[in-house]
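What follows is a single structure, written as structure tokens, with notes after it.
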Amino acid sequence: MEISERTLKLAAIGSLAGAFSGLFGVGGGTVIVPLLIFWLAYGERLATGTSLAAIVVIGLLGAGAQGIYGNVHVATGLLLSIPAIGGVLLGTAIQQRIPQRAVSLLFAALLIAVAVELIVP
């Protein structure tokens with residue numbers, strides 16, 4: 001049985017997202033979305049939605065693995081999720097109303113800002 005190039009790319013994206021999730025608590029937006037766009041020619045909206053579907057599983061398993069080491073504060077996690085529900089609904093609604101290029105530029109600006117924050121003390 002031959003494995004397609006698409007399947008290999010998806011496996012690489014998933015592996016990287018899982019590793020980054022375990023190491024840094026990130027993976028969906030910083031790994032999955034850009035690689036779906038660059039490697040598989042997904043549009044920004046499709047890449048974002050697909051990433052969100054994947055991180056449901058990645059997040060649950062990652063939180064479980066981190067919990068084994070005592071690195072999860074469950075109450076805080078639950079409290080964070082309540083306003084995040086409103087945020088994701090609002091963010092999705094906004095994303096659907098602005099050009100995909102604007103979504104890309106906003107995402108790039110966010111990544112640059114985070115990189116600068118991590119580098120500059």
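Brief remarks follow.
- Taking region 6-29 as the range and being of a type in the set (S, T, N, Q) and surrounded by 15 or more Cβ atoms within 10 Å (Cβ to Cβ) as the test, only SER21 passes.
- When LEU60 is tested against (1) more than 30 Å from SER4 (Cα to Cα); (2) free of Cβ contacts under 8 Å to residues at least 12 places away in the same chain; (3) assigned to a helix (DSSP H, G or I), only condition (1) is not met.
Per-residue answers, yes or no, for (1) farther than 23 Å from LEU10 by Cβ; (2) free of Cβ contacts under 8 Å to residues at least 40 places away in the same chain:
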| residue | (1), (2) |
| --- | --- |
| THR30 | no, no |
| LEU46 | no, yes |
| VAL56 | no, yes |
| HIS73 | yes, yes |
| GLY77 | yes, yes |
| LEU80 | yes, yes |
| VAL120 | yes, yes |
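- From the list ILE3, ILE32, the one residue that fits, being surrounded by 12 or more Cβ atoms within 10 Å (Cβ to Cβ) and on the phi < 0 side of the Ramachandran plot, is ILE32.
- Qualifying positions in region 35-44 - under 18 Å from LEU105 (Cα atoms), in a helix (DSSP H, G or I) and either open to solvent by 30 Å² or more (accessible area, probe 1.4 Å) or in contact (Cβ under 8 Å) with a residue 40 or more places away in the chain (or both): LEU35, ILE37, PHE38, GLU44
- Scanning region 25-34 for residues that are modelled with pLDDT under 85 and assigned to a helix (DSSP H, G or I), we see that the one that is nearest to ILE58 (Cα to Cα) is GLY28.
- Restricting region 91-101 to residues that are within 15 Å of ALA47 (Cα to Cα) and assigned to a helix (DSSP H, G or I), the residue that is most open to solvent (accessible area, probe 1.4 Å) is ARG101.
- Across region 63-80, the qualifying residues are those that are assigned to a helix (DSSP H, G or I) and surrounded by 10 or more Cβ atoms within 10 Å (Cβ to Cβ), and the one among them that is nearest to the chain's Cα centre (by Cα) is ALA63.
The values are calculated or read from the model by the stated rules, or taken from the named source; none is laboratory data. Just so it is clear, the model here is predicted, and its values are computed rather than measured. So basically every Cβ, Gly included, is an ideal-geometry build from the backbone, and we count neighbours across all protein chains shown. Please note that ligands, DNA and RNA were not included when accessible areas were found on the heavy atoms of the full protein model with its side chains. Shrake-Rupley method; radii C 1.70, N 1.55, O 1.52, S 1.80 Å.
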